[in-house]
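The values are calculated or read from the model by the stated rules, or taken from the named source; none is laboratory data. These figures come from a predicted structure and were not determined experimentally. Don't worry about glycine lacking a Cβ; one is built from the backbone with ideal geometry, like all the others, and counts go over all protein chains shown.
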Amino acid sequence: MKRILIATILLSFIALSPVVSNAQCKSFAKKICKSILEPYVHDGIYNATVLSEGETAELFKTFYSGQEYRIAVCGAEDIPNVEFQVLDAERNVLYSNTDNDYSKTWDFKLEASQQLIIAIQVQTADELSDEIASGCVAVLIGFMNVENQFE
């Protein structure tokens, strides 16, 4: 009976680990990254996950014409630089933060509504290590509120 109880607790812990780490990443996004959007208004969606060196992720998001946007990407301090690119539907690169010293934000306005892809990659560390660095990476989207434009 004890073995079954221990196995159940162990399996529950393993199953809940991603939920706990995603909750921690959401908290990281709220506390650390959200301020990077200012003066833009956050869209209310916290896109955050744990990534390790060399790992990539993509986020698909629809953006509307005439609206001013800011994309903010930030990573935990203990991971290498986070590269992000914004691609159109044909995967043409519209922006890459590597051209701007790994900038954490990009401000833009589109002439036509379209779905864009935000591709992120945690770079590999310059020095060799026995451990692969991993940590939270958040992608937040903000838009310029019309009222904010006149302040």
How many residues does the stretch 38-80 contain that are out of contact with any Ser or Thr (no Cβ under 7 Å at 6 or more places or on another chain) and under 21 Å from Ala133 (Cα atoms)? 12
Taking the residues in the stretch 1-60 that are among the aromatic types (Phe, Trp, Tyr) and over 23 Å from Leu87 (Cβ atoms) as candidates, determine which candidate is modelled with the highest pLDDT. Phe28
Any residue in the stretch 59-81 that is part of a strand (DSSP E or B) sitting within a Cβ distance under 6 Å of a residue that is surrounded by 17 or more Cβ atoms within 10 Å (Cβ to Cβ) and small (Gly, Ala, Ser)? List the pairs, counting only those 6 or more apart or interchain. Arg70/Gly142; Cys74/Ala138
List the pairs whose first member sits in the stretch 132-148 and is more than 10 Å from Ala48 (Cα to Cα) and in a strand (DSSP E or B), whose second member is among the aromatic types (Phe, Trp, Tyr) and at pLDDT 90 or above, and whose Cβ atoms are under 8 Å apart, counting only residues at least 6 apart or on separate chains? Ile141/Tyr69; Gly142/Tyr40; Gly142/Tyr69; Phe143/Tyr40; Phe143/Tyr69
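For (1) among the small types (Gly, Ala, Ser); (2) surrounded by fewer than 16 Cβ atoms within 10 Å (Cβ to Cβ); (3) under 17 Å from the mean Cα position of the chain (by Cα); (4) closer than 27 Å to Ala23 by Cβ, each residue gets a yes or a no:
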{"residue": "Val50", "(1), (2), (3), (4)": "no, no, yes, yes"}
{"residue": "Ile71", "(1), (2), (3), (4)": "no, no, yes, yes"}
{"residue": "Gly75", "(1), (2), (3), (4)": "yes, no, yes, yes"}
{"residue": "Gln121", "(1), (2), (3), (4)": "no, no, yes, yes"}
{"residue": "Glu131", "(1), (2), (3), (4)": "no, yes, no, yes"}
Among Tyr64, Tyr69, Tyr95, which is the only one that is closer than 27 Å to Gln24 by Cα and among the aromatic types (Phe, Trp, Tyr)? Tyr69
Within the stretch 63-74, identify whether any single residue is hydroxyl-bearing (Ser, Thr, Tyr) and under 16 Å from Leu37 (Cβ atoms), and answer yes or no. yes
Which numbered condition in (1) assigned to a loop (DSSP other than H, G, I, E, B); (2) in contact with a Phe, Trp or Tyr (Cβ under 9 Å, 6 or more places away or on another chain) is the only one that Pro39 fails? (2)
